[in-house]
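What follows is a set of notes on a single structure, which appears directly below.
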Amino acid sequence: MNYFEYTHALVCADVPRSVINGLSLDKHEPVDYELAKKQHEAYLKTLEDSGLNLIRFSSNENHPDCVFVEDTCIALGNKVFITNPGAESRRNEVLVVKSKLEQVSRELNLQIASVQNTSSSFIEGGDCMFTGKEFIIGISTRTNQQGIDEFKSFFKEYPVTVCQVAEGLHLKSFMSMVLPGVIIISQTKEAKLIEEQILSKSIFASEYQFVKVDENCAANVLAFNRNILTCMEYESMYLNKDDLDKHKRFRVENSEFKKIDGCLTCRSVFFKI
């Protein structure tokens, strides 16, 4: 398998007006709905123009965070694991996602599994990062060991390194992949604690390279099909980062989604058939 090359992306087709009430760890300026809608439209157009086939499901006003599809399923190749979000208000989102994936599963030859023990096993995709060699998964307020264990039973073919995410929302609030084996990571205290765990626990630690940036949100980029999507707001932090220059780079705005803890990876799930 050629990792980080994909044929399809699962996305929310639009942004619910209720996004202004999306979950957030901190107080923030009000979300500008019209601007959020434009930013998401630009995001989807960028993905589609790159050649990806978009599988769209409609937003639901009862699910303010539904645009953040990453948390509802984790995919690699043609295998998709339906999660059970740790945030109780988000758990019904998976029903919509599962239904959509089941609609296209025969056509796309998808293998689909779900969390079985929904009362005590929790996992969100924002805590799960595939490096090209293994999955690195964070235990956070949204993901626990029981959820990770159920995930591991489906993706048995890949090692898993588990890290504690002591602060912040998700593992990928602090880092993401640029290339197989190349991790872009924030230099904040919280991110450094996770990096130390990766280096001490992962059997592939010596093979990883880390690209450092100053802010957490700048460390979340979207790498796919030799392209990379970055936030315009952090353009100055990407200067002289040679690993980013190995991609064709697209720049989008993410200001409104950042207000409710949304990063670039949050709004799509990639897979390959």
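The values are calculated or read from the model by the stated rules, or taken from the named source; none is laboratory data. Bear in mind that the values here come from a model prediction, so they are computed numbers and not experimental data. Don't worry about glycine lacking a Cβ; one is built from the backbone with ideal geometry, like all the others, and counts go over all protein chains shown. Side chains are part of the model used for accessible areas, which takes the heavy atoms of the whole protein and leaves out ligands, DNA and RNA. Shrake-Rupley method; radii C 1.70, N 1.55, O 1.52, S 1.80 Å.
Take residues that are open to solvent by 50 Å² or more (accessible area, probe 1.4 Å) and under 26 Å from E5 (Cβ atoms) and tell me which of the strands (runs of 3 or more DSSP E) falling wholly in the stretch 198-273 contain 1 or more.
Working: elements: 209-213, 222-224, 227-231, 248-252, 269-271.
Counting at least 1 such residues, we get 209-213, 248-252.
Filtering the stretch 185-212 to residues that are within 20 Å of the chain's Cα centre (by Cα) and touching a residue at least 60 places away in the same chain (Cβ under 8 Å) leaves I198, Y208.
Residues in the stretch 109-131 that are within 18 Å of A9 (Cα to Cα) and out of contact with any strand residue (DSSP E or B) (no Cβ under 7 Å at 6 or more places or on another chain): N109, E124, G126.
Mind counting the residues in the stretch 148-168 that are touching a strand residue (DSSP E or B) at 6+ places or on another chain (Cβ under 6 Å) and over 16 Å from I82 (Cα atoms)? I'd like the intermediate steps shown before the answer.
To start, the set of residues in the stretch 148-168 that are touching a strand residue (DSSP E or B) at 6+ places or on another chain (Cβ under 6 Å) comprises 148, 151-152, 154, 158, 160-165.
Now narrow it down to the ones that are over 16 Å from I82 (Cα atoms): 158, 160-165.
The qualifying residues number 7.
Candidates in the stretch 126-184 are the residues that are of a type in the set (S, T, Y) and part of a helix (DSSP H, G or I); of these, the one that is most open to solvent (accessible area, probe 1.4 Å) is S153. Applying a threshold of 7 Å to beta carbon distances and a minimum spacing of six or more residues, or different chains, the list of pairs starting in the stretch 229-251 at a residue that is β-branched (V, I, T) and ending at one that is outside any strand (DSSP E or B) reads T230/V221; T230/Y238. Within the stretch 34-60, being surrounded by 15 or more Cβ atoms within 10 Å (Cβ to Cβ), more than 16 Å from F250 (Cα to Cα) and aliphatic (A, V, I, L, M) holds for A36, I55.
Could you check how many residues of the stretch 108-121 are in contact (Cβ under 8 Å) with a residue 60 or more places away in the chain and on the phi < 0 side of the Ramachandran plot? Outline the logic, then answer.
The first filter runs over the stretch 108-121 and keeps only residues in contact (Cβ under 8 Å) with a residue 60 or more places away in the chain, leaving 108-110.
If we keep only those that are on the phi < 0 side of the Ramachandran plot as well, we get 108, 110.
Residues in the stretch 108-121 being in contact (Cβ under 8 Å) with a residue 60 or more places away in the chain and on the phi < 0 side of the Ramachandran plot: 2 in total.
Does any residue of the stretch 136-149 turn out to be more than 18 Å from the chain's Cα centre (by Cα), without any contact (Cβ under 8 Å) to a residue 24 or more places away in the chain and within 18 Å of G77 (Cβ to Cβ)? No: the stretch 136-149 contains no residue that is more than 18 Å from the chain's Cα centre (by Cα), without any contact (Cβ under 8 Å) to a residue 24 or more places away in the chain and within 18 Å of G77 (Cβ to Cβ). Restricting the stretch 75-107 to residues that are touching a residue at least 24 places away in the same chain (Cβ under 8 Å), buried (at least 18 other Cβ atoms within 10 Å of the Cβ) and of a type in the set (A, V, I, L, M, F, W, C) leaves a set whose member that is nearest to N62 (Cα to Cα) is V96.
Residue by residue, here is whether (1) free of Cβ contacts under 8 Å to residues at least 12 places away in the same chain; (2) not hydrophobic (A, V, I, L, M, F, W, C) holds:
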{"residue": "Y3", "(1), (2)": "no, yes"}
{"residue": "V11", "(1), (2)": "no, no"}
{"residue": "D14", "(1), (2)": "no, yes"}
{"residue": "S24", "(1), (2)": "no, yes"}
{"residue": "Y33", "(1), (2)": "no, yes"}
{"residue": "K45", "(1), (2)": "yes, yes"}
